[in-house]
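Input: a single structure, listed below in structure tokens.
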Amino acid sequence: MPDRVLPEASKSEWRALLAKGRAAVSAQQRVAEAAALADAVAGLSATTACCYVPFGSEPGSIALLDVLRKAGTRVLLPVVPPAPGPLDWAEYTGTSSLVAGRFRGVLEPSGARLGPGGVGEADLVLLPALAVDRRGVRLGRGAGYYDRSLGFAAPGAGLVAVIRDTELVERLPAEPHDVRMTAVLTPGLGLVELPRE
């Protein structure tokens, strides 16, 4: 699917193509991918991990969060602020701590807010993406919440985008402010380390 994109394609063209591909993913495939990602995350080690609750066609599941918690990892989830800016964070303590967020279909933690600096407490940051290229360039949905938030991440923290196998591509359009991913986590490939600049 992404192989058909020309190298000079814009971010909006990439987003349209990737959204079309995600819409074609069957419910059975999503369930299988979610299980594979939960298995793959069991091999990761972190004291504190920033994660997210997938929604729509995003790969993953709440089970992934529970695998980390069972391993003793403190899990933080994003809270979307009322105005565009960096994400707020709060601890995930189980499914009963999740409430409806600002956007339809998005679940957020209900606990005490840690502020945008909460991401700086994590040694592992798992974040959503539409695609990532082999240089670590991440393509998000375009709202910029994660771009604004990753400047608060701890130096040396693992920045890992959770994507489908086909969403790891050769080259995406990049801008100077883009924060590069250190790895991707996919259902079929597991953890794939990316070059650090």
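The values are calculated or read from the model by the stated rules, or taken from the named source; none is laboratory data. Please read all numbers here as calculations on a predicted model, not as lab measurements. Note that each Cβ is placed from the backbone with ideal geometry, even for glycine, and that neighbours are counted across all protein chains shown. In case anyone asks, the SASA skips ligands and DNA or RNA and just uses the protein heavy atoms, side chains included. Shrake-Rupley method; radii C 1.70, N 1.55, O 1.52, S 1.80 Å.
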* Structure fact -> Condition set in contact with a helix residue (DSSP H, G or I) (Cβ under 6 Å, 6 or more places away or on another chain) and open to solvent by 10 Å² or more (accessible area, probe 1.4 Å), scope region 170-197, selection farthest from Ala35 (Cα to Cα): answer is Pro173
* To do: Filter region 35-61 for residues that are over 12 Å from Leu185 (Cβ atoms), without any contact (Cβ under 8 Å) to a residue 60 or more places away in the chain and surrounded by 17 or more Cβ atoms within 10 Å (Cβ to Cβ) and give the result.
  => Val53, Ser61
* Asked: Within region 82-94, is even one residue more than 17 Å from the chain's Cα centre (by Cα) and either at pLDDT 95 or above or more than 30 Å from Ala16 (Cβ to Cβ) (or both)?
  -> yes
* Answer yes if at least one residue in region 74-81 is surrounded by fewer than 21 Cβ atoms within 10 Å (Cβ to Cβ) and at pLDDT 95 or above, and no otherwise. => yes
* Which ones in region 101-142 are over 19 Å from Pro59 (Cα atoms), aliphatic (A, V, I, L, M) and open to solvent by 40 Å² or more (accessible area, probe 1.4 Å)? -> Ala112, Leu114
